[in-house]
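Participant: To start, I am sharing the structure in question, which I have written as structure tokens.
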Amino acid sequence: MGSEAIIVFLLAGIVMVAGANFMSNLISHKSDNPQKREPYESGMVTKGPTWVQFKVGYYLFAILFLIFDVEVAFLVPWAVAFKSVGAVAFIEILVFLVILCLGLMYAWKKGALKWE
């Protein structure tokens, strides 16, 4: 019975996505304005090459920010339920924060946080 349920859920997901795309195309406003095909960047036509290669450091910095931002999102529900979770959850969150700090120290030591 398990494999049939997976197939049913997969088909239901495909039908829902296809149906949403079909309905969106059916009822959406259609405009054939030539301005829509112009290159757009901050409201102005770009000058020079538009495909510029950025340093990997910028992406690494952004990924590190997202990682630590998501980790803070895990801390908020724990802080809300702090009084009711008990000592075991407190120890678990301390282990979590130690691992988080170790990751931050590793990134700092490797120079991933230097903005050049």
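The values are calculated or read from the model by the stated rules, or taken from the named source; none is laboratory data. Everything quoted here is computed from the prediction, not taken from an experiment. No Cβ is skipped: glycine too gets one built from the backbone with ideal geometry, and neighbour counts run over all protein chains shown.
Participant: Inside segment 88-112, can you point out the residues that are surrounded by 12 or more Cβ atoms within 10 Å (Cβ to Cβ), part of a helix (DSSP H, G or I) and of a type in the set (A, V, I, L, M)?
Facilitator: ALA89, ILE93, LEU97, LEU100, LEU104, ALA107
Participant: Given the structure, is TYR59 under 30 Å from LEU100 (Cα atoms) and at pLDDT below 85?
Facilitator: Working: under 30 Å from LEU100 (Cα atoms): yes; at pLDDT below 85: yes.
So TYR59 fits the description; yes.
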